[in-house]
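Below: the structure, in structure tokens.
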Amino acid sequence: MQIGMIGLGKMGGNMAERLRRGGHDVVGYDHHREVSDVGSLKELVERLEAPRAVWVMVPAGKPTQQTIDELGRLLSEGDIVVDGGNSHYIDDQKHAAELAEKGISFVDCGVSGGVWGLQNGYALMCGGDKATVEHLMPVFETLKPEGENGFVHAGDVGAGHFAKMVHNGIEYGMMQAFAEGWELLEASDVVKDVRGSFASWRDGTVIRSWLLDLLVRALDDDENLANLRGYAQDSGEGRWTVQAAVDHAVPLPVITAALFARFASRQEDSPAMKVVAALRNQFGGHAVTSAEGSTGKGADAPGADVTPPREAQ
Ligand SMILES: NC(=O)C1=CN([C@@H]2O[C@H](COP(=O)(O)OP(=O)(O)OC[C@H]3O[C@@H](n4cnc5c(N)ncnc54)[C@H](O)[C@@H]3O)[C@@H](O)[C@H]2O)C=CC1
Ligand SMILES: O=C(CO)[C@H](O)[C@H](O)COP(=O)(O)O
């Protein structure tokens, strides 16, 4: 079928390519003119035959909002907008309502598969009404991986992105577990072949998984990850998962800790740990480490004078 793809970056570019290989007629638009088939969203809309289907694959938040606002002005009754980016499910409900005023249908579609999706297919999690999702099935069938899995019509508008949000929360927790296991193996001198241990786990173990495969791939490139800083960004999904857990009073200790571990990774020093160090020194006369890195002032500083807080002297 014919479809417009907006946002031709790491995801949208490969998705457009997979759709073309699957026989679909794709018209692509991106801010970057060199990768774009058309010069503007208006031109994209003019190139599509009604009823039009347009897939938005740009960063969540402002870029998605601006694109959907403009599509609302350009599209006509009976057309369909799919948001495949990692948008917050709360935004979907607003977008669907705004577009519905003009008779335009909306489907949110969480996409998983990353830069490997072109070859492996993309797992898709959709939210929207049954008729619209069914109309888009030829596109979903081409994008999804081969086999019976990799696609779900999860519920009404918002359900697709809610499912993707929880998927990403699980992703946070799984990655953090592999990360902590790796750090412990590296820190101890007991296991001599850490990379080899991870590689051996790829077959037969309870923890074999694609994330494990990818970790081994990263270790093959750089066995001790010496070329990387321990600094991890986040783009929203983990935060929204934790916020939803609070809204529903669901305990999410693993995913929350994984999110907070990323925040901690961005600190040069820990303000909170300064407080812990200061208080240990206050109540127990325990040693502290100065901002310059020297250890002193405290009973457990090797060879240091015991200097309890003044009032305790
Ligand atoms: N990279 C990944 O592993 C995954 C990303 N996503 C989501 O897919 C969406 C796209 O991600 P990526 O392709 O990785 O990002 P990207 O940064 O590689 O590509 C985004 C593209 O959108 C274009 N763009 C931005 N604003 C635009 C606008 N207003 N109009 C037209 N084009 C615009 C940019 O020029 C860029 O080419 C995001 O919402 C992301 O969260 C979803 C699943 C996996
Ligand atoms: O959706 C994805 C994978 O499933 C994207 O890669 C997403 O960016 C990952 O989340 P974060 O950037 O917060 O680590």
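Some observations on this one:
- Residue that is farthest from residue 166 (Cα to Cα) [pool: residues in segment 106-120 that are away from ligand 2 (no atom under 12 Å from the Cβ) and outside any helix (DSSP H, G or I)]: 106
- Taken together, 221, 189, 156, 203 contain a single residue that is on the phi < 0 side of the Ramachandran plot and at pLDDT below 95, which is 189.
- Residues of segment 90-115 satisfying the condition of being charged (D, E, K, R) and open to solvent by less than 40 Å² (accessible area, probe 1.4 Å): 92, 108
- Residues that are under 12 Å from the mean Cα position of the chain (by Cα) and polar (S, T, N, Q), drawn from segment 153-199: 168
- Residues located in segment 231-260, provided they are over 19 Å from residue 90 (Cβ atoms) and among the hydrophobic types (A, V, I, L, M, F, W, C): 232, 254, 257, 258, 260
To keep it simple, each residue is scored yes or no on (1) out of contact with any helix residue (DSSP H, G or I) (no Cβ under 6 Å at 6 or more places or on another chain); (2) open to solvent by less than 70 Å² (accessible area, probe 1.4 Å).
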residue	(1), (2)
21	yes, no
47	yes, no
71	yes, yes
77	yes, no
85	no, yes
88	no, yes
118	no, yes
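- Matching residues, segment 246-285, being away from ligand 2 (no atom under 16 Å from the Cβ) and within 29 Å of residue 162 (Cβ to Cβ): 246, 247, 248, 249, 250, 251, 253
This table checks each residue for (1) part of a helix (DSSP H, G or I); (2) over 30 Å from residue 97 (Cα atoms); (3) not aliphatic (A, V, I, L, M).
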| site | (1), (2), (3) |
| --- | --- |
| 146 | no, yes, yes |
| 157 | no, no, no |
| 166 | yes, no, no |
| 179 | yes, yes, no |
| 182 | yes, yes, yes |
| 204 | no, yes, yes |
| 212 | yes, yes, no |
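- Residues (within 16 Å of ligand 1 (Cβ to nearest atom) and farther than 18 Å from residue 120 by Cα) located in segment 216-232: 218, 232
- Hits in segment 31-45 - residues which are closer than 27 Å to residue 134 by Cα and either open to solvent by less than 60 Å² (accessible area, probe 1.4 Å) or part of a strand (DSSP E or B) (or both): 41, 44, 45
- Of all the criteria given as (1) open to solvent by 30 Å² or more (accessible area, probe 1.4 Å); (2) within 16 Å of ligand 2 (Cβ to nearest atom), the one not satisfied by residue 51 is (2).
- Residues of segment 1-13 satisfying the condition of being open to solvent by 40 Å² or more (accessible area, probe 1.4 Å) and within 17 Å of residue 85 (Cα to Cα): 9, 10, 11
The values are calculated or read from the model by the stated rules, or taken from the named source; none is laboratory data. None of the values given here were measured: they were computed from a predicted structure. Positions of Cβ are generated from backbone atoms using ideal geometry, with glycine treated the same way; all protein chains shown enter the neighbour counts. Accessible surface is based on the protein model in full, side chains and every heavy atom, while ligands, DNA and RNA are left aside. Shrake-Rupley method; radii C 1.70, N 1.55, O 1.52, S 1.80 Å.
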